[in-house]
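To start, the structure itself, in structure tokens.
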Amino acid sequence: MKTENPQKISLPAIYEDRLSSFQKVMLLKILRDTKLLLAIKVFVKKELGKEFIESPAFDLAGSLADSTNVIPIIFVITPGSDPIANLVILAKAVGMADRLKIISLGQGQDREAVMMMEEGQRAGNWVCL
């Protein structure tokens with residue numbers, strides 16, 4: 001049987017009953033190597049729980065509470081994520097909206113970014129690079 005989601009279908013009864021979940025993942029690796037990552041996610045979710053494959057919601061307000069003027073908040077951004085909107089909302093909520101400075105680090109923006117960080121340090125602004 002051809003399918004785009006082989007990691008989700010049941011094996012023939014003789015194998016379904018005899019193979020452990022891990023053995024089924026190994027079989028999929030042999031037969032459809034390109035679907036291994038998906039199969040591993042299914043395996044981990046089934047065996048350990050969804051909390052091991054799903055990222056928790058980011059608590060920006062909690063991160064703010066943990067930060068200080070010498071402990072910055074550093075975002076490691078993954079493709080498709082954009083914390084800027086949430087950062088602007090938080091800045092408004094805590095009265096920092098006019099002191100939030102945002103700059104995109106494109107070509108030639110290094111000097112401007114350094115100046116913004118220095119000004120932020122002196123004035124207590126938030127700087128988002």
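The values are calculated or read from the model by the stated rules, or taken from the named source; none is laboratory data. Bear in mind the structure is a predicted one, so any value in this text is a computation, not a measurement. Neighbour counts run over all protein chains shown; Cβ positions are idealised from the backbone, glycine included.
With respect to residue 95, is the statement that it is at pLDDT 85 or above and not in a helix (DSSP H, G or I) true? Break it down stepwise before answering.
Working: at pLDDT 85 or above: yes; not in a helix (DSSP H, G or I): yes.
Here the answer is yes, as residue 95 does meet what is asked.
Within the set of pairs 6+ apart or on separate chains, which have a first residue in segment 110-121 that is in the same structural domain as residue 99 (by TED's automatic domain parsing), a second that is part of a helix (DSSP H, G or I), and C-beta atoms under 9 Å apart?
That search, which allows pairs on different chains as well, returns 120/99.
Looking at segment 37-65, I want the residues that are under 30 Å from residue 90 (Cα atoms) and have a partner that is of a type in the set (Gly, Ala, Ser) and at pLDDT below 85 with Cβ atoms under 9 Å, at least 6 apart or on another chain. Which pairs are those?
58/81
Among the residues of segment 37-49, are any loosely packed, with under 10 Cβ neighbours inside 10 Å and in a loop (DSSP other than H, G, I, E, B)?
no
Run down 90, 27 and say which single residue is in a helix (DSSP H, G or I) and over 24 Å from the mean Cα position of the chain (by Cα). Before you say what the answer is, go through the steps one by one.
Details: 90 fails: over 24 Å from the mean Cα position of the chain (by Cα).
Being in a helix (DSSP H, G or I) and over 24 Å from the mean Cα position of the chain (by Cα) holds for just one of 90, 27, which is 27.
Which of the residues that make up segment 1-22 are in a loop (DSSP other than H, G, I, E, B), exposed (fewer than 10 other Cβ atoms within 10 Å of the Cβ) and among the aliphatic types (A, V, I, L, M)?
1, 9
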